[in-house]
């Protein structure tokens, strides 16, 4: 058969069977294989996104446990709020995994679900702060600082991993926003731990708890807006 090649497409090893990639090889409609997108690049991007999101999910799930235990033992609203933020982020990354490689509308719906998680979390944190303000608490400053530093290191790693995808689909942009917010929240927890020690007061811990809640709600609302614009 003239001009035909029984071999597979050599682009990224996708295995697409087609005609000669040279100037003489033609497909139906007069296009060469080089003119037709075999989807190799898209699949490679999807694999990279999945690997990144799995890593982010594991890091956030582990830090949720660490911060939740430390927050409970250290009687810290800030640590407990940040631990719930870590849990919500782990759920967000799980939802984003579901959307990798999907159509834009499905990605937008996944992002909308992620945003709703974040808004609900923020409201829950406000309730927790109110309860502790009414019933009292004795946050442990040194523990807050130590765990806050560990969480900050974990989230800097997450932010570095997700940075390359920040201009991708809306589900990946959502993951970037949540990771960036986490770094800010961690810095707040560390600062509140220092102030708790210096001032011998629980007020900084409560204030940071509210600040984390506001940050989470703001991020959730922002993602809901982006998801609506993408057709969710």
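A search for C-beta distances below 6 Å between a residue of the stretch 109-126 that is farther than 13 Å from residue 222 by Cα and assigned by TED's automatic domain parsing to the domain that holds residue 91 and any residue that is surrounded by fewer than 21 Cβ atoms within 10 Å (Cβ to Cβ) and at pLDDT 85 or above, counting only pairs 6+ apart in sequence or on different chains, returns 122/217.
Of all residues in the stretch 203-225, those that are in contact (Cβ under 8 Å) with a residue 60 or more places away in the chain have Cβ atoms under 7 Å from Cβ atoms of residues that are buried (at least 24 other Cβ atoms within 10 Å of the Cβ) and not in a helix (DSSP H, G or I), 6 or more apart or on another chain, in 205/76; 205/139.
The values are calculated or read from the model by the stated rules, or taken from the named source; none is laboratory data. Treat the numbers as computed from the prediction; the structure is a model and nothing was measured. Please note: Cβ atoms are built from the backbone with ideal geometry, for glycine as well, and neighbour counts cover all protein chains shown.
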